[in-house]
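Visitor: First, the structure itself, so that you have it in front of you.
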């Protein structure tokens, strides 16, 4: 088994977990609902890891940009430029589409003028 997986036990664990979760959810749905907290714990732990990982990687990249010379500076400028463009596009789209404006319709608190 060790030679077959080559030390990749994480992949095996993910596959077994997905299959087990699907089986438990389809055979014992009430029990699966009670185990919902495990999924919430996993996602919260994942969120706690992702943000520091991104911040550290960006910080280390900026610190090492000087050692890379012109390629590092070009990479940093490219990153900052594309991030700025993405933020500009995101803000522009949100201003035009205005997501969340129709959320009053979902709560049942609809003004009289709209419900007529």
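Visitor: Quick one: length gained pulling residue 27 to residue 63 fully straight, 0.36 nm per residue minus the C-alpha distance?
Guide: 7.7 nm
Visitor: Contour minus end-to-end for residue 20 and residue 88, with contour as 0.36 nm per residue of separation and end-to-end as the Cα-Cα distance?
Guide: Additional length available on full extension: 20.2 nm.
Bear in mind that the values in this text are calculations on the coordinates, not laboratory data. Keep in mind it's a predicted model, so treat the numbers as computed, not measured.
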